[in-house]
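To keep things clear, I will list the structure first and then write my remarks on it.
Every read-out reported here was derived from the displayed coordinates using simple, explicitly stated rules and does not represent laboratory data. No experiment lies behind these values; they were computed from the predicted model shown. For neighbour counting, all protein chains shown are included, and Cβ atoms are generated from backbone atoms with ideal geometry for every residue, glycine included.
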Amino acid sequence: MNNLYETQRMMRKARKAAIQRGVIAVLDVGTSKIACFVLKFDTVKARDPQDPVGSMVGQADFKIIGASTIRSRGVKFGDIEIIRETERAIRTTVQAAQKMAGVRVDHVMACFSGGNPRSYGLSGTSVVQNGMVVESDIATVLSECEIPKYGSDRDVLHAQPVNFTLDHKNGLVDPRGQIGKKLSVDMHLLTVDSSSIEAILHCVKRCDLELAGLASSAYVSAISSMVEDEQEIGAACIEMGGGTTGVSIFLKKHMIYSDLVRIGGDHITSDISHGLQIPIDLAERIKNVNGGVLATGMDDRETIEIGGNTGDWEHDKRLVTRSELIGIIRPRVEETLEGIREILVSAGFEFLPSQRIVLTGGGSQIPGLDQLAAKILGQQVRMGRPLRVRGLPQAGSGPAFSSAVGLALFAAYPQDEWWDFEGSNKNYAERSIKRMTKWLRENW
Amino acid sequence: MQSLKNKETNQRLSRVNYRLERLWLTPIIRGLIRYGIPVFLIIIICCAYFSKSDNLDIFKVSWREFRENIKNRPEFLINLIKIDGVNHRISNEIRSVMNLDLPISSYDFDLENIKSKVQLMNIVETANLFIADNIIHVEILERKPSIIWQNNDNLEILDANGISISSVNSRHKHLNLPLIAGQGANKHVKEALFIYHHNLIFSEQLIGLVRVGNRRWNMDLINNRRVMLPSEGVNKALKKMIELNFVYEFSSKNFNVLDFRNINRVIIRKNNEPTQTIEIKLDKLEKGEI
């Protein structure tokens, strides 16, 4: 725990250094593709307090100057399985993005979907020291939270204070500067397997890059594809990736729950491959071109040449109707959506003020998915597309890139996490040494 | 299980490739490779080549030949000097001052230098030199002789600014020029010319002007007569002379010295009464009492 705490702080420092340099790369390590964007930050301007705050505020001061995507290798269910393959894939895409940007990238932020994410809601209470809440009080109350036993082989990926309560005032976003006695906090903790974090760290290190942050891809794709009021009044973002489908629930602009269904687009492809007895890449092509989840009478007449390259004429000239294809795809999609429904039920999604569901990710492009999802998940389903970001190429603006775009936004405006609050009471010795060095620096 | 061996080399290659590309994207390395190495190489090659003295000599010779070839192209050769604004004699003089062996390449002389040489000549007031169509055009504005200055038995012809044009042995050829004499007279040629032009009364009798004590002018007249002029206000004195002439008719009078040094107290010294002076009072004159 403490180790990761330090790691996270190091990453924050690396991020600060990257922003000072003006260039940072974001890396979305997915099961089916790896995307890399190179961001260039303009000179950091203080935000004008008179400015009306709109949805795009502050998002104009970075620009994507390099982008590349390649097929992922060695990743299964969002986890890196063959490190060398993945490392090479990362290297190739970073190299291509760098080349397009024309600058060397030293810092990279990564997101991944695997690692068995598990959410915990924590709460803690403490007494405010000097009447007015300062940063150290927040650090104290955060450290008062009772940490669940999430296992020694797991690490904290996100630890975000979601809600503060000061005496009787509930729902404070930032209690700093307010006056009260008792401060309590609700915190959302997301843990993942240590091994998946280590695998990413290893890959990034082998590419001579420095990791400046890690995020869950369900979280970052929600940032890019949900609008502000959805994040505010409560919504779930469903990111349908290649190997996994991530769910993240937002309330009051904070993620309060996140989980994963280990089914994705690749499973549909492999179903088609099995069902029609064709190679995987052909199955992928047929899925993308002819796929769907809602069959109509028309689809019985529409035949698809499925081909094949076995050399057996009978085998290679087979025809299937589109209804048959839909008959293969639909059960898998339904299975995924049912898994999502279970997650939403266990998260208590129906108690949120709004039950908006946003579908994003590459898998959400199946025609008719929104209607099928509406039948299983509830009526308020919409397709989410990532926010437009300056400099993003057209090819990178589809829903498959929502997590990469979200990571870019996250790189520019990270959420305050536990480790961002200085001055924990627990490390008293460390603090006194710090104070001493500060005194020395000031007086010598 | 797939064969790993082939992939292994591939992996290493891709890693080397990646690192090289990152190195290439590093600004300092990029600058060094793009500019540093070529410049360094050129310097090294030059140094290696010229470290042999033979090579340096060969280079020097071929460089000189190259220069000569270009210099001696007909486009750069000067065939003629054309001098405008002066007579034949002076133009020959200017040619000898310019001292150019025609034909000559326009790279072999300095036009500014020649111009300053020409301009230093006494006869030349301004000179304008330029090269066009393989000809040096020299446009001369000659100094105009306006006065002769007798200075310790030398006769010098001066222009209106008092600058010496030439020395002469006798006045015979220059009888039309007025004569001045005395030390420092050349510095006041303008005043002298003014006196010559505005001297209406003694114009027939005037021999020349004499600078006295480097301070004021004397008009020397025939028959050994003199008119002394003040050091300041010569024009007033000349005016007064004209006014008084109406009454006294100096030109017809027999006097030795006419003293205008103080125009309010003009003195006439007569020949036959060498000790006697006559004082003319201005107010009396104006009243018509004299």
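Annotations
- Overall shape: oblate for the range A:91-132, with the ratio a/c of the largest to smallest alpha carbon gyration tensor axis at 1.5 or above and b/c at least equal to a/b.
- Chain B: DSSP helices with Cα axial extent of at least 18 Å and average Kyte-Doolittle hydropathy no lower than 0.5: B:37-50
- Across all directions, the average flat footprint of the convex hull enclosing the Cα atoms of the range B:55-169 is 9.7 nm².
- Other residues within the sphere of radius under 13 Å centred on the Cβ of A:GLN231, judged by their own Cβ, net out at -1 (K and R +1, D and E -1).
- What you get for the range B:147-287, charging only the Cβ of Lys and Arg (+1) and of Asp and Glu (-1), is a dipole of about 260 debye around the Cα centre.
- Residue of A:ARG285, A:ARG118, A:ARG388 that the Gaussian network model of chain A assigns the largest fluctuation, springs spanning Cα pairs under 10 Å: A:ARG285
- Tail weight of P(r) past 23 Å, computed on alpha-carbon pairs of the range A:227-383, percent: 41
- Shape category assigned to the range B:203-269 from the gyration tensor of Cα positions, a/c cut at 1.5: oblate
- Ellipsoid equivalent to chain B - semi-axes via the Cα gyration tensor, in Å: 86, 28, 15
- Dipole axis of the range B:74-142 (+1 Lys, Arg; -1 Asp, Glu on Cβ), positive-most option in B:PHE109, B:PRO74, B:ILE94: B:ILE94
- For A:THR321, distant residues with modelled amide H under 5 Å away: A:ILE304
- Of A:LYS33, A:LYS253, A:LYS13, the residue with the greatest mean-square motion in the GNM of chain A, using alpha carbon springs below 10 Å, is A:LYS13.
- Within-11-Å neighbourhood charge of B:ASN122 [Cβ basis; K, R +1; D, E -1]: -4
- For A:HIS254, nonlocal amide neighbours, meaning residues 5 or more places apart or on other chains whose placed amide H falls under 5 Å from its own, do not occur.
- Listed pairs A:LYS63/A:LYS253; A:LYS252/A:LYS434; A:LYS181/A:LYS253; A:LYS40/A:LYS182; A:LYS16/A:LYS169 exceeding 32 Å between Cα atoms: A:LYS252/A:LYS434; A:LYS40/A:LYS182; A:LYS16/A:LYS169
- As an equivalent ellipsoid, the range B:92-157 spans semi-axes of 30, 12, 9 angstrom, where each value is the square root of five times an eigenvalue of the C-alpha gyration tensor, largest first.
- Inverse mean reciprocal Cα-Cα distance (Kirkwood Rh) of the range A:257-325, Å: 13.1
- Between B:ILE45, B:ILE140, B:ILE222, the Gaussian network model of chain B with springs among Cα atoms under 10 angstrom shows the greatest mean-square fluctuation at B:ILE45.
- Listed values for the range A:82-95 are Karplus-derived 3J(HN,Hα) couplings in whole Hz (6.51 cos²θ - 1.76 cosθ + 1.60, θ = phi - 60°), namely 10, 4, 5, 4, 5, 4, 5, 5, 4, 4, 5, 6, 5, 4, and x replaces Gly and Pro.
- Here the Karplus relation 6.51 cos²θ - 1.76 cosθ + 1.60, evaluated at θ = phi - 60°, turns the backbone of the range A:396-413 into coupling constants of x, 9, x, x, 5, 9, 5, 6, 5, 5, x, 5, 5, 5, 5, 5, 7, 10 Hz, with x for every Gly and Pro.
- Alpha carbon Rg of the protein assembly as shown, scaled by the compact-globule rule 2.2 N^0.38 Å: 1.97
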